[in-house]
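What follows is a set of notes on a single structure, which appears directly below.
Please treat every number below as a calculation from the coordinates, not as lab data. What you see is a predicted model, and the numbers here were worked out from it, not measured in a lab. Every residue, glycine among them, receives a Cβ derived from its backbone with ideal geometry; neighbour counts consider all protein chains shown.
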Amino acid sequence: MKNKAVVKMPQKGPSIAAHTERVLELLGEDPAREGLVRTPERYEKAMRFITSGYRTNLDEIVNGALFHVKCDEMVIVRDIEFFSTCEHHLLPFFGKMHVAYLPKDKVVGLSKIPRIVDMFARRLQLQERLTEQVARAIESVISPRGVGVLCEARHFCMMMRGVEKQESSTVTSTMLGSFRSNRATRDEFLSLARK
């Protein structure tokens with residue numbers, strides 16, 4: 001069973017819901033219409049979940065799940081699905097991320113890697129930055145000999161508007177340490193990630 005995130009609504013201050021009602025009016029809609037009456041509150045709750053990565057802490061995610069192991073072979077977690085929001089248009093982008101590292105003297109619990117991906121994906125993002133942030137987070141947690149991250153995503157800002165290309169996808173990568181300096185290591189990762 002998947003953990004359901006609890007989304008806390010703010011107790012004081014301006015609400016997203018109040019502003020959403022005005023946005024609906026500016027779009028030519030009637031916020032009092034039956035189908036829209038509760039939309040501002042639902043939208044606020046959705047946005048707080050979608051951007052919950054801002055309120056997530058790397059140390060809390062890892063939670064001490066670091067293990068000293070004599071392992072010098074590549075560790076890969078493939079096909080980590082993620083959903084994020086383009087900071088330019090506030091439209092979704094989604095895809096899969098493949099994360100690999102070469103341990104030096106410790107490994108991290110495997111479930112922590114998708115949680116790290118989610119922490120950065122659940123923010124207003126650029127795919128390029130997201131890829132880099134995941135790699136740097138893995139590097140900071142376990143200081144491996146190298147980290148490789150490959151991200152493949154489809155962007156609604158390209159699919160629903162603008163160029164309207166539904167089949168296009170974007171691939172970004174970040175290679176650190178041995179993944180950058182050693183072509184054989186990099187090629188092995190890219191080959192295994194795309195199987």
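Give, in nm to one decimal, the length gained when the segment between residue 168 and residue 46 is fully stretched (0.36 nm per residue of separation minus the Cα-Cα distance). Walk me through the intermediate numbers first.
Values: separation 122, 0.36 × 122 = 43.92 nm, distance 2.66 nm.
That pair, residue 168 and residue 46, stretches by 41.3 nm at full extension.
Pairs 70/112; 45/195; 70/96; 104/165; 106/195: which exceed 31 Å Cα-Cα?
On the way: 70/112 20 Å; 45/195 38 Å; 70/96 29 Å; 104/165 43 Å; 106/195 26 Å.
45/195; 104/165, as the Cα separations exceed 31 Å there.
Where does the charge balance sit around residue 87 when Lys and Arg score +1, Asp and Glu -1, over other residues with C-beta under 12 Å from its C-beta?
Values: positive: 123, 129; negative: 128.
Charge balance in the 12 Å sphere: +1.
Tell me the angle of helix 16-26 to the major Cα principal axis of the chain, expressed in degrees between 0 and 90 and rounded to the nearest ten.
60
Could you give the C-alpha radius of gyration of the range 109-150 expressed as a fraction of 2.2 N^0.38 Å, taking N as the number of residues it contains? Don't skip to the answer; put the middle values down first.
On the way: Rg = 10.0 Å, N = 42, 2.2 N^0.38 = 9.1 Å.
Working it through for the range 109-150, the quotient is 1.10.
How far apart, in nm, are two points set 7 Å out from the Cα along the Cα-to-Cβ line at residue 23 and at residue 110?
It works out to 3.9 nm between the two label points.
Starting with the highest mean, order 79-89, 31-41 by the number of other Cβ atoms within 10 Å, averaged over the residues of each peptide. Before the final figure, lay out each step's value.
On the way: 79-89: 16.2, 31-41: 12.7.
The densest-packed peptide leads the list: 79-89, 31-41.
So if R0 is 41 Å, what FRET efficiency would residue 79 and residue 30 give, r being the distance between their Cβ atoms, rounded to the nearest 0.05? Display every interim value, and only then the final one.
Numbers: r = 43 Å, r/R0 = 1.06.
Here the calculated transfer efficiency is 0.40.
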